[in-house]
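Chemist: Could you have a look at this structure, given as structure tokens, before my questions?
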Amino acid sequence: MKKDMSTIEKTGLLKIVVNAGVGKLRSMQQFDDKVLPEIQKEIAIITGQKPAERKAKKSIATFKVREGEVVGLQVTLRKQRMHDFFTKVVNIVLPRVKDFRGLVLSNVDHDGNLNFGFRDQLVFPEINPEKSKVAFGIQVTVVPKIRDREKAIALYRSLGVPLMRSEK
């Protein structure tokens, strides 16, 4: 499965950032002892890399968040892991999403970054629904080397990303 590094660099992608917000799950019992490690384990299985914890910078009483509490997990993928994850998402995961008709062009911002998310992690083939204890969403940001929206859309289409033809 190892590929030549020159072909990976020619894909035109700089990095892929995978985020999972866990702020709403903090209200579950034994969050720090059981729920958070389970989420970290599943993200590590999905991405092949241990996630970094993102902590709250400020306390916000209305959200019941204290400074220093974990509110998210983040993984930045580069090179071979990025290429493997991208291939898996495009060829396996996106077709498994229920009622999927393609990614909307508005998911590509003015710098060419492609943003999309999954409501739960069960669309990934590595996750066993019977063994998974917690449902959480995952947000994916694909950052290209090209910093132009139109060129990035052409790049994504050439890489096989199922983008819709026009914005609605």
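Every number in this text was worked out from the coordinates using simple rules, so none of it is lab data. Everything quoted here is computed from the prediction, not taken from an experiment. No Cβ is skipped: glycine too gets one built from the backbone with ideal geometry, and neighbour counts run over all protein chains shown.
Chemist: Hey, in the GNM for the chain with a 10 angstrom Cα cutoff, which one of D99, D120, D84 fluctuates hardest?
Modeler: Most flexible of the set in this elastic network: D99.
Chemist: Next question, about the same structure. Karplus couplings for region 82-99 from phi (6.51 cos²θ - 1.76 cosθ + 1.60, θ = phi - 60°), rounded to Hz, Gly and Pro as x?
Modeler: Those phi angles translate into 4, 4, 5, 5, 4, 4, 5, 5, 5, 8, 10, 6, 4, x, 7, 5, 5, 6 Hz.
Chemist: Now for a different question. Springs between alpha-carbon atoms under 10 Å, Gaussian network over the chain: tell me which of K88, K50, K131 tops the mean-square fluctuations.
Modeler: K131
Chemist: How far, in nm, would the chain grow between N128 and V104 when pulled straight, counting 0.36 nm per residue and subtracting the alpha carbon separation?
Modeler: Here the segment from N128 to V104 would lengthen by 5.8 nm.
Chemist: Still on this structure, please answer the following. Of the candidates L103, L114, L73, which one comes out as most mobile in a Gaussian network treatment of the chain with C-alpha springs shorter than 10 Å?
Modeler: L103
Chemist: Let me ask something else. Which value in nm describes the separation of the simple spin-label points at K145 and F63, placed 7 Å from the Cα toward the beta carbon?
Modeler: In this crude label model, K145 to F63 measures out at 3.6 nm.
Chemist: Restricting the calculation to Cα positions, tell me the Rg (one decimal) and the Dmax (whole number) of the chain in Å.
Modeler: Spelled out, the Cα radius of gyration and Dmax of the chain are 17.1, 51 Å.
Chemist: On to the next question. When the dipole is taken about the Cα centre of the chain, and only Lys, Arg (+1) and Asp, Glu (-1) are charged at their Cβ, what size is it in debye, to the nearest 20?
Modeler: My answer is approximately 160 debye.
Chemist: Count the net charge of all other residues whose Cβ sits under 12 Å from the Cβ of R119, scoring Lys and Arg as +1 and Asp and Glu as -1.
Modeler: The answer is -1.
Chemist: Something else about it: For region 85-168, what relative contact order do you get, as a whole percent, if you take Cα pairs closer than 8 Å and at least 6 residues apart?
Modeler: Here the relative contact order equals 38 percent.
Chemist: In percent, how large is the relative contact order of the chain, given Cα pairs closer than 8 Å and 6 or more residues apart?
Modeler: So the answer I get is 30 percent.
Chemist: Please report, to one decimal in angstroms, the Kirkwood hydrodynamic radius of region 47-112 built from all distinct Cα-Cα pairs.
Modeler: The answer is 15.2 Å.
Chemist: Beyond 22 Å between alpha-carbons counts as too far, so tell me which of K15/K88; K24/K55; K24/K88; K24/K98 fall in that bin.
Modeler: K24/K88; K24/K98
Chemist: Could I have the simple spin-label model distance between S158 and V90, label points 7 Å from Cα toward Cβ, reported in nm to one decimal?
Modeler: If labels sit at S158 and V90, their model points lie 1.1 nm apart.
Chemist: Could you compute the FRET efficiency for Q30 and K55, with r as their C-beta to C-beta distance and R0 at 25 Å, rounded to 0.05? Intermediate values should be presented prior to the final figure.
Modeler: On the way: r = 19 Å, r/R0 = 0.76.
Between Q30 and K55 the formula returns 0.85.
Chemist: Still on this structure, please answer the following. Can you work out D for region 84-168 in µm² s⁻¹ from Stokes-Einstein, where Rh is the Kirkwood radius over C-alpha pairs, the temperature is 20 °C and the viscosity is 1.002 mPa s?
Modeler: Calculated translational D: 155 µm²/s.
Chemist: Going through region 129-168, which GluC sites (Glu not before Pro) have at most 15 other Cβ atoms within 10 Å and a DSSP loop state?
Modeler: E130, E167
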